[in-house]
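> Mind looking over this structure? Questions follow.
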Amino acid sequence: MKYQKIIVFAVVLTVIVFLPSLMYAPPFDPPDGGGTPLGDPVGAPIDGGLSALIAGGIALLVRKFYKKKTENK
């Protein structure tokens, strides 16, 4: 039972980390064939390690709550 929770957590964490790359889609071309007047828009990377920081924060919270739960027993 203990390892089952760890495995489920690891799978969920892996899906969260790799989800942005799985949802990648090529840029959309407008139907008229023309681009923007200033060229193609430049996008900012949303996932520049942010998902790793979020996963680390979640792991620290889980660890904190687990330690608190075992101390109260």
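The values are calculated or read from the model by the stated rules, or taken from the named source; none is laboratory data. Bear in mind the structure is a predicted one, so any value in this text is a computation, not a measurement. Here the Cβ is made from the backbone with ideal geometry for all residues, glycine too, and neighbour counts use every protein chain on show.
> Are there any pairs with C-beta distances below 9 angstrom linking a residue in segment 17-30 that is part of a helix (DSSP H, G or I) and of a type in the set (S, T, N, Q) to a residue that is surrounded by 10 or more Cβ atoms within 10 Å (Cβ to Cβ) and modelled with pLDDT under 80, with the two at least 6 apart or on different chains, and if so which?
Filtered contacts from segment 17-30: 21/47.
> Which residue out of 46, 54, 7 is in a loop (DSSP other than H, G, I, E, B) and either modelled with pLDDT of 70 or more or β-branched (Val, Ile, Thr) (or both)?
Of 46, 54, 7, the one residue that is in a loop (DSSP other than H, G, I, E, B) and either modelled with pLDDT of 70 or more or β-branched (Val, Ile, Thr) (or both) is 46.
> Cβ-Cβ below 7 Å, separation at least six or inter-chain, first residue in segment 1-13 and under 14 Å from residue 58 (Cα atoms), second of a type outside the set (Phe, Trp, Tyr) and part of a helix (DSSP H, G or I): which pairs?
That search, which allows pairs on different chains as well, returns 13/55.
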